[in-house]
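> Got a structure here, written out as structure tokens. Questions coming.
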Amino acid sequence: MSATQPQHAPATFCETFAGADALARTVAQGQVRISGENPFRGAGCLELSRSQEDMERVPTSAALPWFGVHGGLWDLGTALRSRLYSPDSSYNGTVRLEVADGAGRPLERREIAIISGEAAWTVKRTRVELPPEAAQARFTITLEKTHGSFAVGELTCTDAGPSRRTVKAIACGSDAVGNLFLPGQPLRFGITARCTVERKPEQRVVACCVRDYWGAEWARAEVRLDAPGRDEKGRPTYAGILDLAGHAFESGRYYELHFELPEPGQDEPARDTSTFAILPEAPAKRHAPFDIPFTASGWNPGVPGFFPLCDRLGLRVANVYSRWSAEPPYRWTAPGIDEVKALGMGALLSTPVHHVEIRGKGWEAYDATAMYEGAKGLVAAFKDQLPIALRVGNEPHPIDDDDVRRMIAIYKAVYAGAKAAKPDIIVTATSCGPEEAFFRLGYQDAHDVYIFHQYADAQVIVGDFKRYDALVERYGKRRPVWSTELGLNSQGMSRGAVALQLVKIFTNFFACGGANASWFGIMWPDPDGSNVGTNGDSFDVYNSKYCLYCPKITAVAQYHFINALLVKKHVAQRTYPDGTTLTLFRDADGGCLLVAWRDGGRIETRIPLPAGAVRAVRLDGAGSDFTAADGLTLGLSDEPYLLTFSGPAYELPAKLG
């Protein structure tokens, strides 16, 4: 970028890759070409491709020429097709728009479209608002993590006129971690309107409506904004307090805050949202970290706020991205571990093994000695400070058997070094999952725990465990199974549908014998709200908009599952002829968790239960207390219930009433 680039260009950019000269207009890395194979609309396409050998070592991207833009609304369009290796949607082809001012200073970098797996030509269109300082933009196209091919058949950017919005954000924050209030904590929120023009006093009244996930209204209030200020760009801001004292809300339930602020001269007001819940301190915190079978995992655990947000849900162990150098004295780093320790959590420490797995720059320096001594030093540094385990690698993609052998030698060196420092430490396998080449070549001796990652619905989890059973039967060495990444490729899905799968995935994971689970992810800082609706945002259980973290319904569902399961172990799972599935967990004191759902539509079902108190919690955290005589009648559907009760001798019934 430079200040000499054109500042006033036509209000439409269009690239169809129809001729070979289109490649000369791009700045390319890796294997990028103009292809006439299966073109979009009869023209050409820009194809990016990469081999498995080069998957994580060779950057593959294309940057198109800069073109002139200005602040306001723009319609963006593209057409994509792919033949990509995509175990989850982070292995993808991505189109982004980079925006700069007239001097070439970066302003924004937006995700416009992604595609993964096998897909025919797919048209993607979206409208964006560029900031007033915008003067130039360009499209960039990148292969992310994966191998295969990915084609772009068209890229357009069309002026859609000036923005009439004068309110850029209605931001809502509170003193509660993640907007998860403790019972009795005042429900007070700071509301800030970020505007582009000055507003008169009568134009500073925010209408607030509180609804539950299903849309039922719980409260209304108005907030008068005063305290005029300026943001970092000198634009006016107005602030006020939303106090919901006097309104009754149910502890445990997820709520949404809907805000409206009039836009002078326009038919529609400015709108924005936030969320909150009232949740007791997580009962999981009364237990030792590794007794609770959940680990926190995210995009980067070192970002501010990550560990407190995990702790608030009852996640007792957090992944820490620790590393060590390849040269003596093998100095280690462990960002955030002091915060983990202060919260009373345990740490799943990482290693530089993934760097070696992918043959990253300088990987050869990490020989067996460096891996042994580094693991030994890292574990020795923290073994007496807080509960720890060691996570070895991450999603290796070996080329052949020799590559697997190379990796196994490194795994064994790390394992030996960790055990030399702390013989009882848990050392996990790399997250290769039930891949036969690793079993066949003996990686079972380099760890205490198997690990897999899975981004699919609950039934796929069952198949993963069957594959482990078959490999253990063939090669031996049964070990506990963890998953440091469970989730869904959930962009475009409703959050309720994701929460439903979260509960079912966790249930089936533990019912199949899983020992420790982690939902991916937690959050990622989003200061201007531009990540909302993106692929990355769809994974997270907290809304990160404006870095004012608040819960999605998935966070509330996860809180309730963690703190209902606690230290309970799987007893039995049964699916009945009417489609009802019951899964029973129990602890040493007879405390039971029964997870109940029905695939195939809603019916009234009577579930035999022991006499006594029963707590029933629904997907959104709404809870009801019952006294069971000999059972409980529920309207069961695919939305799971969490039923907790005392039942030392309770077993799943042979049939339902």
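The values are calculated or read from the model by the stated rules, or taken from the named source; none is laboratory data. What you see is a predicted model, and the numbers here were worked out from it, not measured in a lab. Positions of Cβ are generated from backbone atoms using ideal geometry, with glycine treated the same way; all protein chains shown enter the neighbour counts. In case anyone asks, the SASA skips ligands and DNA or RNA and just uses the protein heavy atoms, side chains included. Shrake-Rupley method; radii C 1.70, N 1.55, O 1.52, S 1.80 Å.
> Under a crude label model (7 Å from the Cα following the beta-carbon direction), how far is Asp75 from Gln491 in nanometres?
2.2 nm
> I would also like to ask the following. Can you send over the solvent-accessible area of Cys14, 1.4 Å probe, protein chains only, in Å² to the nearest 10?
Ignoring ligands and nucleic acids, Cys14 comes out at about 80 Å².
> Hey, another quick one. Give me the lysines in straight-line cross-link reach of Lys412: C-alpha distance below 19 Å, same-chain residues under 8 apart excluded.
Lys376, Lys422, Lys477
> Please list the equivalent ellipsoid semi-axes of the chain, computed as the square roots of five times the alpha-carbon gyration tensor eigenvalues, in descending order and whole angstrom. Mind dumping the intermediate values first?
Values: eigenvalues 331, 264, 121 Å².
So the equivalent ellipsoid measures 41, 36, 25 Å along its semi-axes.
> Here is a further query. Applying 1/(1 + (r/R0)^6) with R0 = 35 Å to the Cβ-Cβ distance of Ala160 and Glu232, what FRET efficiency is obtained, to the nearest 0.05?
On the way: r = 27 Å, r/R0 = 0.77.
It comes to 0.85.
> If I model a spin label as a point 7 Å beyond the Cα along the Cα-Cβ vector, how far apart are those points for Ala245 and Glu129 in nm?
Going from the Ala245 label point to the Glu129 one covers 3.4 nm.
> Moving on to the next point. Using a Förster radius of 45 Å, what is the FRET efficiency between Glu118 and Asp445 based on their Cβ-Cβ separation? Nearest 0.05, please.
Working: r = 37 Å, r/R0 = 0.82.
In this case the efficiency is close to 0.75.
> Could you give the size of the charge dipole of the chain about its Cα centre, using +1 on the Cβ of each K and R and -1 on the Cβ of each D and E, expressed in debye and rounded to the nearest 20?
Details: 70 positive and 77 negative charges, 103 e Å.
Charge dipole of the chain: 500 debye, to the nearest 20.
> Same structure again: Suppose the chain between Asp402 and Asp338 were pulled fully straight at 0.36 nm per residue; how much longer would it get relative to their current alpha carbon spacing? Intermediate results must be reported in sequence, preceding the final value.
Working: separation 64, 0.36 × 64 = 23.04 nm, distance 3.95 nm.
Result: 19.1 nm gained on full extension.
> For the pairs Lys168/Lys552; Lys341/Lys569; Lys504/Lys569, note any where the Cα-Cα span goes beyond 18 Å.
Details: Lys168/Lys552 22 Å; Lys341/Lys569 27 Å; Lys504/Lys569 16 Å.
Where the Cα-Cα span goes over 18 Å, the pairs concerned are Lys168/Lys552; Lys341/Lys569.
> Right, next: So how do Tyr213, Tyr255 rank on accessible area, 1.4 Å probe, biggest first, that is with the largest at the start?
Numbers: Tyr213 60, Tyr255 0 Å².
Most to least solvent-accessible, the answer reads Tyr213, Tyr255.
> At a 1.4 Å probe, what is the % contribution of carbon and sulfur to the accessible area of segment 260-395? The partial results should precede the final answer.
Details: 2770 of 5380 Å².
In segment 260-395, the share of accessible area belonging to carbon and sulfur is 51 percent.
> Compute the accessible area per residue over segment 99-229, keeping the other protein chains in place, probe 1.4 Å, unit Å².
I get 45 Å² per residue for segment 99-229.
> Using bins 10 angstrom wide from zero, how does P(r) for segment 120-174 break down, in % of all Cα pairs?
13, 36, 28, 20, 4
> Pairwise over distinct Cα atoms, reciprocal of the mean inverse distance: report the Kirkwood radius of segment 175-264 in Å, one decimal place.
After inverting the mean inverse Cα-Cα distance, the result is 14.5 Å.
> What accessible area per residue, rounded to a whole number of Å², is obtained for segment 271-322 using a probe radius of 1.4 Å?
Working: 1530 Å² over 52 residues.
About 29 Å² of surface per residue is accessible.
> Please give the solvent-accessible surface of Lys422 in Å², to the nearest 10, using a probe radius of 1.4 Å with every protein chain present.
40 Å²
> Quick check: pseudo-label points 7 Å beyond the Cα along Cα→Cβ at Leu652 and Arg220, how many nm apart are they?
Distance between label points: 4.8 nm.
> Please state the equivalent ellipsoid semi-axes for segment 131-205: what are the square roots of 5 times the Cα gyration tensor eigenvalues, largest first, in whole Å?
Working: eigenvalues 300, 137, 15 Å².
Calculated on Cα positions only, the semi-axes equal 39, 26, 9 Å.
> Using alpha carbons only, how many angstrom separate the centre of segment 522-536 from the centre of segment 118-183?
With segment 522-536 and segment 118-183 each reduced to a Cα centre, they are spaced 10 Å.
> When only DSSP loop residues count, what trypsin sites (Lys or Arg not before Pro) in segment 577-657 have their Cβ near at most 12 other Cβ atoms within 10 Å? If you can, show how the numbers build up before the last one.
On the way: sites: Arg586, Arg598, Arg602, Arg606, Arg615, Arg618, Lys655; in loops: Arg602, Arg618, Lys655.
In loop regions of segment 577-657 (DSSP not H, G, I, E or B), the sparsely surrounded trypsin sites (Lys or Arg not before Pro) are Arg602, Lys655.
> Continuing with this model, one more query. Name the long-range amide H neighbours of Ile112: under 5 Å, sequence gap of 5 or more, or other chain; modelled H, no Pro or chain starts.
The answer is Val95, Arg96, Leu97.
> Any idea which of Leu315, Gly77, Gln454 is furthest toward the positive side of the dipole for the chain, if Lys and Arg beta-carbons carry +1 and Asp and Glu beta-carbons -1?
With unit charges placed on the Cβ atoms, the residue in question is Leu315.
> Identify the trypsin sites (Lys or Arg not before Pro) of segment 289-334 meeting these criteria: DSSP loop state and at most 14 other C-beta atoms within 10 Å of the C-beta.
Working: sites: Arg312, Arg316, Arg323, Arg331; in loops: Arg316, Arg331.
Passing sites in segment 289-334 are Arg331.
> Given the Cα-Cα distance of Glu327 and Val205 and 0.36 nm per residue of separation, how much length would full extension add, in nm? Spell out each step's value before the answer.
Numbers: separation 122, 0.36 × 122 = 43.92 nm, distance 6.13 nm.
Once the chain is fully extended between Glu327 and Val205, it gains 37.8 nm.
> Same structure again: Largest first, what is the accessible-area ranking of Phe259, Phe290 with a 1.4 Å probe?
Values: Phe259 0, Phe290 65 Å².
Correct descending sequence by accessible area is Phe290, Phe259.
> Taking loop as defined by DSSP and a crowding limit of 12 other beta carbons within 10 Å, which GluC sites (Glu not before Pro) in segment 183-223 fit? Write out the running numbers ahead of the final one.
Values: sites: Glu198, Glu202, Glu217, Glu222; in loops: Glu198.
Of the GluC sites (Glu not before Pro), the ones in loops of segment 183-223 whose Cβ has at most 12 other Cβ atoms within 10 Å are Glu198.
> Mark the label point 7 Å from the Cα of Val27 along Cα→Cβ and return the residues of segment 135-169 whose backbone N is within less than 15 Å of it.
136-142
> So, one more: Given the -39500 (n - 2.57) contribution per DSSP H run of 4+ residues, what per-residue ellipticity at 222 nm results for the chain, rounded to the nearest 500 deg cm²/dmol? Display every interim value, and only then the final one.
Details: 11 runs with 117 residues, N = 657.
-5500 deg cm²/dmol, from helical runs alone.
> Taking only the alpha carbons of segment 409-555, what extent do you get along each of the three principal axes, in Å, biggest first?
Sorted largest first, the three principal extents are 48, 34, 24 Å.
> Which parts of segment 225-241 would a label at Arg105 reach, counting a residue when its backbone N lies under 13 Å from a point 7 Å out along Cα-to-Cβ?
Label zone hits: 232-234.
> Here's something else I'd like to know. When the Cα centres of segment 220-288 and segment 630-650 are compared, how far apart do they sit, in Å?
35 Å
> Quote the FRET efficiency, to the nearest 0.05, computed for Arg474 versus His258 with a Förster distance R0 of 56 Å and r equal to the Cβ-Cβ distance. Can you show the working numbers first?
Values: r = 56 Å, r/R0 = 1.00.
The pair Arg474/His258 has a calculated efficiency of 0.50.
> At 1.4 Å probe size, what's the solvent-accessible area of Val223? Round to the nearest 10 Å².
0 Å²
> Counting only DSSP beta bridges with both residues in the chain, what percent are antiparallel, rounded to the nearest 5?
Values: 137 of 161 bridges.
Taking every DSSP beta bridge within the chain, about 85 percent pair in antiparallel fashion.
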